[in-house]
Amino acid sequence: MTAAAKQAGVIVSGLQKTFFPGTVQEKRALDGVSFSLAPGEFAIVIGSNGAGKSTMLNAISGEVQVDEGTISIAGKAIEQWPTHKRAGYISRVFQDPMQGTAASLTIEENLAISARRGKRRSFRAGLQVAEREEFRSALEPLGLGLENRLKDRVSLLSGGQRQSLTLIMATLQAPQLLLLDEHTAALDPRAADMVIRSTLSAVEDRQITTLMITHNMEQAIAHGDRLLMMHEGRVVLDLAKDEKAKLTTADLVTRFHDVVSDRMLLS
């Protein structure tokens, strides 16, 4: 990959998506979504239910084909690519801790599958000493002791431990873009805090460009370089790190209601 492509980051322009067009169930989920992320930038996305947040992530990952618009990652236009081809550039962690790992396999087997994604080799060929050391090094910063449990089956892990493992699997190859779809929402507060710490460590250490959806206003203010607020399929507010750092949760709620009120007056 050229230096110019690496510097290109992520550019999303004019995404449009309408579900069930021409029927009584017609729903415009994306209405001209546009933004760009510099390489290594960490943006947090908030918005009410139905704002289009998950649809946007689905459009970027290829789970949903957009009606209009372009998506560029590392200088490559990917909006026509199938999901499996985009997976070479994009990793995703979902809300359900059970979704990102194979419970019947061991921790090291799960990591091996992730590490060899897109390669011809299979973990069945046997793990090398160097690979196990790489896995231990990746797990150690979590502070969960998982680096000493490589032979344990994933089914033995708690939800928070499992989601932390999923995060390491998603970032092991340092993707061009990491998508986090409310990945702490299904966890209790203690586990959610653990996964957020794991997220910050993994993203910052590897300088991974990241989009994270959350409903937690405190997370939105405290973390990330950018804050994108969505409403009715559009990005209606884009705050830089220094600007959002001055806000309280109450301020952010007020800003949201002000934006919604302004849009209602204009409609």
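What to note about this one:
Each row is one residue, and each column tells you yes or no for (1) of a type outside the set (Ser, Thr, Tyr); (2) under 26 Å from GLY32 (Cα atoms); (3) more than 18 Å from the chain's Cα centre (by Cα).
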| position | (1), (2), (3) |
| --- | --- |
| GLN207 | yes, no, no |
| THR210 | no, yes, no |
| HIS215 | yes, yes, no |
| ILE221 | yes, yes, no |
| GLY224 | yes, yes, no |
| LEU237 | yes, yes, yes |
| LYS246 | yes, no, yes |
| LEU252 | yes, yes, yes |
| ASP258 | yes, yes, yes |
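- Here ALA170 meets the list (1) more than 17 Å from the chain's Cα centre (by Cα); (2) modelled with pLDDT of 90 or more almost entirely, failing just condition (1).
- Selection status of GLU243, of a type outside the set (S, T, N, Q) and either closer than 30 Å to ASP67 by Cα or in contact with a helix residue (DSSP H, G or I) (Cβ under 7 Å, 6 or more places away or on another chain) (or both): no
- Count of the stretch 180-195 residues which are within 14 Å of the chain's Cα centre (by Cα) and either free of Cβ contacts under 8 Å to residues at least 60 places away in the same chain or surrounded by 23 or more Cβ atoms within 10 Å (Cβ to Cβ) (or both): 4
- The criterion of being without any contact (Cβ under 8 Å) to a residue 40 or more places away in the chain and either touching an Asp or Glu at 6+ places or on another chain (Cβ under 7 Å) or buried (at least 17 other Cβ atoms within 10 Å of the Cβ) (or both) holds for ALA112.
- Scanning the stretch 139-149 for any residue that is part of a loop (DSSP other than H, G, I, E, B), of a type in the set (Lys, Arg), more than 29 Å from LYS85 (Cβ to Cβ) and touching a residue at least 40 places away in the same chain (Cβ under 8 Å) turns up at least one such residue.
- Residues in the stretch 67-109 that are of a type in the set (S, T, N, Q), outside any loop (DSSP other than H, G, I, E, B) and crowded, with 20+ Cβ neighbours inside 10 Å: SER91 only.
- Just one of the listed residues (GLY88, GLY50, GLY62) is among the small types (Gly, Ala, Ser), out of contact with any helix residue (DSSP H, G or I) (no Cβ under 9 Å at 6 or more places or on another chain) and more than 20 Å from LEU228 (Cβ to Cβ), namely GLY88.
- Subset of the stretch 131-159 [loosely packed, with under 14 Cβ neighbours inside 10 Å and more than 17 Å from LEU105 (Cα to Cα)]: GLU133, SER137, GLU140, GLY143, GLY145
- Those strands (runs of 3 or more DSSP E) lying entirely in the stretch 9-66 with at least 2 residues surrounded by fewer than 16 Cβ atoms within 10 Å (Cβ to Cβ): 10-19, 27-37
- Set side by side, the residues THR199, THR171 differ, and just one is without any contact (Cβ under 8 Å) to a residue 40 or more places away in the chain and of a type in the set (Ser, Thr, Tyr), which is THR199.
- Selection of the stretch 72-119 for residues being among the acidic types (Asp, Glu) and closer than 22 Å to SER198 by Cβ yields ASP96, GLU108, GLU109.
The values are calculated or read from the model by the stated rules, or taken from the named source; none is laboratory data. None of these values were measured; they are calculated from a predicted model. Note: ideal-geometry Cβ built from the backbone for every residue, glycine included; neighbour counts use all protein chains shown.
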